[in-house]
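K.L.:
Sharing a structure below in structure tokens format, with a few things to ask.
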């Protein structure tokens, strides 16, 4: 193991990062720059050395160079993913290996990617953000709560089968057959595909729906629906679960509509279905902490102007709200960071990373507006003055709010 002494003066340690690169000059440079940013650095010249360090040190993040003799960076990160699921993984490379990098990111082998030469400020800021999220997930009160669950929910088998088929580049008809194994999953895929947002009307073909709306949105639908189908629900829980689905579907439908109005914003193609998974923590609460969930609903009935999250804070559930719980599982299941950040920060978007803040802010805006329109669904003139946006005109907000109101009425009437 290489050791470089560049301790910061105040000896504050934000976390432990293992840097793996066969170039000693790179190791020395990163050790110095990260140490000056209050990050403790361990250095290894090969994958084999890195594995030995992982056996004895409490590492938070592994940064691995793509091209190394023997075990390359992807192989090392795959090993870390399999054996140390709580360690974040970053790929570093001076070469353009687009196909390999894309596969690493989409499969969850790597959390993110930095090319050589990198911007020190950007890299350090990114590492600090990752370490901040890890500390949220390691809070004693959150872990204490989750430890009361006898068996933590794993990724549903249907979702794992679906992802494996995609990664192995199976034909579309084979992938659609996996979805058809679960009626609720298949129905939800068709419902989203036939929605006004996607503009697809009256198709009953899962194959066509998947091609039309894209694999990424379908992934999120399959995750949420297959997760709930593996849980046991009584009649009361089922009704409340439908409320969560209705809200998430509306948020998912209108995030892209608002997002498309932003100037000079990153266009996610295909647009992620983050609205489907942003409240997955509520599903966990409803299943495993039913009485707590019901108490929050009762509190909300007594305080109708409060959102579900407002009620959680008022009842003392700060840091163990549905946002932290949902994000914890999304991270534990090794799902894309974008999905996890929307779930974790949609009530405090200012804390999101620079990479996804625009999307998290729009998810937060849409979530609040859908909640408000549901609250005042019987009012003729809702007060939208609290929904001012610097880049979206009041007229456009009002128009979309009216469409949300119509959707809420339609869903309400269909459930009567």
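K.L.:
Most fluctuating residue of 206, 149, 163 in a GNM of the chain with Cα springs under 10 Å: which is it?
P.N.:
Maximum fluctuation in the GNM of the chain, among the listed residues, is at 149.
K.L.:
Rounding to the nearest 10 and keeping the result within 0 to 90°, find how far the Cα-based axis of helix 394-415 lies from the longest principal axis of the chain.
P.N.:
70
K.L.:
For each of 279, 264, count neighbouring Cβ atoms within 10 Å of the residue's Cβ, then give the residues from fewest to most.
P.N.:
Least to most surrounded, the residues fall as 264, 279.
K.L.:
Could you put 376, 348, 311 in order, starting from the residue whose Cβ has the fewest other Cβ atoms within 10 Å?
P.N.:
Taking fewest neighbouring Cβ atoms as first place, the list is 348, 376, 311.
K.L.:
Evaluated at 37 °C with a viscosity of 0.692 mPa s, what Stokes-Einstein diffusion coefficient in µm²/s does region 275-416 have when Rh comes from the Kirkwood expression over alpha-carbon pairs?
P.N.:
Approximately 202 µm²/s, per Stokes-Einstein.
K.L.:
While we're on this one: What order do you get for 36, 27, 286 when you list them from fewest to most C-beta neighbours inside 10 Å?
P.N.:
Numbers: 36 14, 27 21, 286 24.
Least to most surrounded, the residues fall as 36, 27, 286.
K.L.:
Now a separate question. Compute the FRET efficiency between residue 177 and residue 376 as 1/(1 + (r/R0)^6), taking r as their Cβ-Cβ distance and R0 = 45 Å, and round to the nearest 0.05.
P.N.:
It comes out at approximately 0.55.
K.L.:
If you line up the Cα atoms of region 16-138 on their principal axes, what length do they span on each, largest first, in Å?
P.N.:
Here the Cα extents, ordered largest to smallest, are 32, 29, 26 Å.
K.L.:
Return one number: the angle in degrees, 0 to 90 and rounded to the nearest 10, between the long axis of the Cα atoms of helix 215-229 and the longest principal axis of the Cα atoms of the chain.
P.N.:
Tilt of helix 215-229: around 70 degrees.
K.L.:
For the pair residue 233 and residue 33, what calculated FRET efficiency results from E = 1/(1 + (r/R0)^6), where r is the Cβ-Cβ distance and R0 = 35 Å, to the nearest 0.05?
P.N.:
Efficiency for this residue pair is about 0.10.
K.L.:
Is the chain best put as rounded, prolate or oblate by its Cα gyration tensor, with a ≥ b ≥ c the root eigenvalues, rounded for a/c under 1.5, and otherwise prolate when a/b is larger than b/c, oblate when not? It would help to have the intermediate numbers written out before the result.
P.N.:
Working: a/c = 1.80, a/b = 1.59, b/c = 1.14.
Prolate, since a/c reaches 1.5 and a/b exceeds b/c.
K.L.:
Now for a different question. Please state, to two decimals, what the Cα-based radius of gyration of region 261-337 comes to when divided by 2.2 N^0.38 Å (N = residues).
P.N.:
Details: Rg = 15.2 Å, N = 77, 2.2 N^0.38 = 11.5 Å.
Here the answer is 1.33, to two decimals.
K.L.:
Output the 0 to 90 degree angle, nearest 10, between the alpha-carbon long axis of helix 47-56 and the longest principal axis computed from the alpha carbons of the chain.
P.N.:
That helix lies at roughly 70 degrees to the long axis.
K.L.:
Another question, if that's okay. For the pair residue 395 and residue 24, how long in nm is the line joining their label points, each one 7 Å along Cα→Cβ?
P.N.:
6.8
K.L.:
Highest GNM mean-square fluctuation, the chain, Cα pairs closer than 10 Å: which of 168, 216, 334?
P.N.:
Maximum fluctuation in the GNM of the chain, among the listed residues, is at 168.
FYI, it's all coordinate maths here, none of it is from the lab. What you see is a predicted model, and the numbers here were worked out from it, not measured in a lab. In this analysis, Cβ positions are derived from the backbone assuming ideal geometry, glycine residues included, and neighbour counts consider all displayed protein chains.
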